[in-house]
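Visitor: Okay, here's the structure, questions in a sec.
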Amino acid sequence: MNLIPLPAFQDNYLWLLHDGQRALVVDPGDADPVHNFLAGRGLQLEAILVTHHHADHIGGLDALRDATGARVFGPARERIPPPLQSLTEGDRIQALGLTFQVFDVPGHTAGHIAYFCEEVDGAPLLFCGDTLFSGGCGRLFEGTPAQMLDSLGKLAALPAGTRVCCTHEYTLSNLKFATTVEPDNVQLEHYRQQCEQRRSRGEPTLPSTIGLERSINPFLRTGVPAVARAAHDHDGADEADPVAVFAALRQWKNGFR
């Protein structure tokens, strides 16, 4: 299988997976990059996976579906243009001969879902939309801190080698914040330097892995004393309450420059 992050807009990635003949795409906010890639390689689009309803994730959906006849899968609790197969946690779908398990991950939006495959070319694969980013997480537009923390906990419990396919290139700004929260995290500093080098070469920082995110992402580390203490020092959050720590971190990040 070939895993391709197709750049779109200012900082989106439209993740495309193909076997040389058939393809699936995740969150196609823009149809043109997908059409161009498919045509350039003679691929047939078989499936479209949607994580949530924001325009930069579904803007190209109708054009791609109409042009290719691809099956569309998306969250049952959000308004996605039909026809589609509506999904909730525990559902499993088949695409490109692979089985994807669905997780409900509300927080960024109320009905956000994620797709997890246990094995693609020797390693698990996660399409997580705007729930988890490398070094960060999505803003809470429709959900609560408790919901988002629970959603992130589901993803953090996946195998360490799971490749994390986020849909935005936010990594460097996220790591700047993460370093402010946890300045003594040696692995975080090493990863930040690696990502700066990749971006200087015009390369994506993604995919990340779940194991790496557990080590460097403050939003997955609310129980780590240094992270909880930073949240407390910033706005008095109760260090013993992971939801309070998460809420303080998210609010802090919202205004961070």
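Visitor: Quick one: Cα centre-to-centre distance for the range 1-56 and the range 110-179, in angstrom?
Guide: 19
Visitor: What does the charge dipole of the range 157-257 about its Cα centre add up to, to the nearest 20 debye, if the Cβ of each Lys and Arg holds +1 and the Cβ of each Asp and Glu holds -1?
Guide: 440
Visitor: A follow-up question, please. In terms of the Cα gyration tensor, with a ≥ b ≥ c the square roots of its eigenvalues, is the range 18-101 rounded because a/c is under 1.5, prolate because a/b exceeds b/c, or oblate?
Guide: Verdict is oblate for the range 18-101.
Visitor: Among (i) 41; (ii) 34; (iii) 38, only one was calculated for this model; which label is it, if the read-out is percent of Cα pairs over 27 Å apart?
Guide: Answer label, from the structure shown: (ii).
Visitor: Summing +1 for each Lys or Arg and -1 for each Asp or Glu, what net charge is found among the other residues whose Cβ lies under 14 Å from the Cβ of residue 165?
Guide: Spelling it out: positives minus negatives among the neighbours equals -4.
Visitor: Moving on to the next point. To the nearest 0.05, what FRET efficiency results for residue 180 and residue 141 with a Förster distance of 22 Å applied to their C-beta separation?
Guide: Plugging the Cβ-Cβ distance into 1/(1 + (r/R0)^6) gives 0.40.
Visitor: Right, here's the next one. Of 76, 98, 64, whose Cα points farthest to the positive end of the dipole of the range 11-113 (charges on the beta-carbon: +1 Lys, Arg; -1 Asp, Glu; origin at the Cα centre)?
Guide: So the residue furthest toward the plus end is 98.
Visitor: To the nearest 20 debye, what is the magnitude of the charge dipole of the chain about its Cα centre, counting +1 on the Cβ of each Lys and Arg and -1 on the Cβ of each Asp and Glu?
Guide: That gives a dipole near 280 debye.
Visitor: Let me ask you something else. Could you list which residues have their amide H under 5 Å from that of residue 129, counting only those 5 or more apart in sequence or on another chain, with H placed in the peptide plane?
Guide: For residue 129, whose amide H was placed from the backbone, the distant partners under 5 Å are 167.
Visitor: Using a 1.4 angstrom probe on heavy atoms only, work out the carbon and sulfur share of the accessible area of the chain in %.
Guide: 48
Visitor: Could you give me the ³J(HN,Hα) list for the range 8-20, computed from phi with Karplus coefficients 6.51, -1.76, 1.60 and θ = phi - 60°, whole Hz, x at Gly and Pro?
Guide: Karplus values, whole Hz, x for Gly and Pro: 8, 6, 7, 8, 7, 10, 9, 6, 10, 10, 9, 10, x.
Visitor: On to the next question. Relative contact order of the range 156-257, please, whole-number percent, based on alpha carbon pairs below 8 angstrom and at least 6 residues apart.
Guide: Relative contact order here is 28 percent.
Visitor: Next question, about the same structure. With every protein chain present, what accessible area does residue 104 have (1.4 Å probe, heavy atoms only), rounded to the nearest 10 Å²?
Guide: Counting only protein heavy atoms, the figure is 30 Å².
Visitor: Still on this structure, please answer the following. Can you send over the solvent-accessible area of residue 154, 1.4 Å probe, protein chains only, in Å² to the nearest 10?
Guide: Counting only protein heavy atoms, the figure is 50 Å².
Visitor: Follow-up question, since we're still on this one. Translational diffusion coefficient of the range 136-257 at 10 °C, 1.306 mPa s, Stokes-Einstein with Kirkwood Rh over Cα pairs, in µm²/s as a whole number.
Guide: For the chosen part, D equals 108 µm²/s.
Visitor: Can you tally the net charge around residue 76? Count Lys and Arg as +1, Asp and Glu as -1, for every other residue whose Cβ sits under 13 Å from the Cβ of residue 76.
Guide: -2
Visitor: With a probe of 1.4 Å, find how much accessible area the chain has per residue, and write the answer as a whole number in Å².
Guide: About 41 Å² of surface per residue is accessible.
The values are calculated or read from the model by the stated rules, or taken from the named source; none is laboratory data. As the structure is a computational prediction, the values presented were derived from the model and not from experiment. Using ideal geometry, Cβ is built from the backbone for each residue, glycine included, and neighbour counts are taken over all protein chains shown. Note: areas computed on protein heavy atoms with side chains; ligands, DNA, RNA excluded. Shrake-Rupley method; radii C 1.70, N 1.55, O 1.52, S 1.80 Å.
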